[in-house]
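Accompanying notes for the structure given below.
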Amino acid sequence: MIIPPLPTPFDQNGRLDSEAFRALAQAIEPHVDGLLFYGSNGEGVHLTREERAAGLAVQTPQKPAMVGLMEETLAQAAIALEEAARLGAKVLVTPPRYYEANLGNEGLLRYFSGIADLGKAEVWLYHVPANTKAQLPLPVVAELAKHPNIGGLKDSSGELARMAFYASQNLGIKLYTGHAPTFLGALALGAQGGILAVSNLAPKPYKRLLELWRAGQISEAQALQAELEPFGRVLAQGGFVLLKQALRHLGLPGGYPRPPYPAESPVWPSFKPLLEAFKERGWTVG
């Protein structure tokens, strides 16, 4: 499966644009296999409780949905979990990060198990150290994978050695990568799909790459991965600011980042030709 972490549109004054959010989801959903709301590219950490609820209230996904849960305590997580449950969505959960040094492996186990024990939604672990600056230790992952309500893991680190560990442990949960430049390598090590920022813009070639891999057409898959690598790498450099700029360029309601983040990315001049080339090939959504 290919799933985009949808951006959350704000207007130029930083106000949540719920109608643009709904329209963006409806424009992208036909091209992908599911939707992730409030993931790393969804600026979930920039939203108030009221805004989170308002943004989800306008969504009517027809395909599997996930909601990012990026909280610091179990009490906070329980509230966010209720919001996701009302949508019938899975939750993608990052580790607490502000006081990470005080948490330790036992604290991480208590946190994720505590969320899963509530039974409100299927829980997915989310390792994204570039954003959280927090680790999800491998022994913790192996232990949490035994919980009946923990069904998957997204790893955005791009560390293929971690993917190899997951595969070697036969964890029994679904494995997805969030790192487009190493997508094929992750598939080779057991990933079943990608939750990829690039799929907001150009899901078609990544779906094709997945098809080639599953069909055993390895040489063709390698060639396509090499072709896609600059697109994924530059988008990763620009993050959600560049993603929103690219969506606007394609005529999609991506909105603007919430202040103090800039409306335009300094890497746009490098990314625009790549985006235009993908558009000419019919690979983009817009």
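The values are calculated or read from the model by the stated rules, or taken from the named source; none is laboratory data. Bear in mind the structure is a predicted one, so any value in this text is a computation, not a measurement. So basically every Cβ, Gly included, is an ideal-geometry build from the backbone, and we count neighbours across all protein chains shown. SASA here: full protein model, heavy atoms, side chains in, ligands and nucleic acids out. Shrake-Rupley method; radii C 1.70, N 1.55, O 1.52, S 1.80 Å.
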Within region 148-286, how many Lys pairs sit with Cα atoms under 19 Å apart, leaving out pairs fewer than 8 places apart on the same chain? 9
Taking a point 7 angstrom from the Cα of Thr60 along the C-beta vector, which residues in region 13-53 have backbone N less than 18 Å away? 18-31, 35
Given a cut-off of under 8 Å on Cα pairs at least six residues apart, what relative contact order in percent is computed for the chain? 20
For the chain, what % of the accessible area comes from carbon and sulfur atoms, probe 1.4 Å? 53
Neighbourhood charge, 14 Å Cβ-Cβ cut-off, centred on Pro257 and excluding it, Lys, Arg +1 and Asp, Glu -1: 0
Could you work out the local net charge near Leu138, counting Lys and Arg as +1, Asp and Glu as -1, over the other residues with Cβ closer than 13 Å to its Cβ? -2
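Ignoring ligands, DNA and RNA, how do Glu50, Glu159, Glu100 rank by accessible area with a 1.4 Å probe, largest first? Provide the component values of the computation, followed by the final result.
Numbers: Glu50 130, Glu159 85, Glu100 65 Å².
These residues rank, largest area first, as Glu50, Glu159, Glu100.
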For Lys120, go through the aspartates and glutamates and keep the ones whose alpha-carbon is under 15 Å away, minus same-chain ones fewer than eight residues off. Glu82, Glu83
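What order do Trp124, Trp268 take when sorted by accessible area (1.4 Å probe), most exposed first?
Trp268, Trp124
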Among (1) 45, 44, 43; (2) 48, 44, 33; (3) 50, 47, 35, only one was calculated for this model; which label is it, if the read-out is Cα extents along the principal axes in Å? (3)
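Please give the peptides 20-32, 139-151 ranked by average Cβ packing (other Cβ atoms within 10 Å per residue), highest first, as a rough proxy for protection. Mind dumping the intermediate values first?
Details: 20-32: 18.5, 139-151: 16.5.
Result, highest mean Cβ count within 10 Å first: 20-32, 139-151.
Give me the net charge of Phe37's neighbourhood, meaning all other residues with Cβ under 10 Å from the Cβ of Phe37; Lys, Arg count +1, Asp, Glu -1. Could you put the intermediate results ahead of the total?
Details: positive: Arg52; negative: Glu83.
Local charge sum for Phe37: 0.
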PRE zone check, label point 7 Å out along Cα-to-Cβ of Glu82, amide N under 13 Å, scope region 5-49, hits 49
For the residue pair Gln26 and Asp11, what label-to-label distance in nm results when each label sits 7 Å from Cα along the Cα-to-beta-carbon direction? 1.9
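Counting DSSP beta bridges with both partners in region 2-281, what percentage is antiparallel, nearest 5?
Numbers: 2 of 26 bridges.
Counting DSSP beta bridges with both partners in region 2-281, the antiparallel share is about 10 percent.
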Give the distance, in whole Å, between the Cα centre of region 3-56 and the Cα centre of region 198-266. 17
Per residue, how many Å² of accessible area does region 2-281 show with a 1.4 Å probe? 41
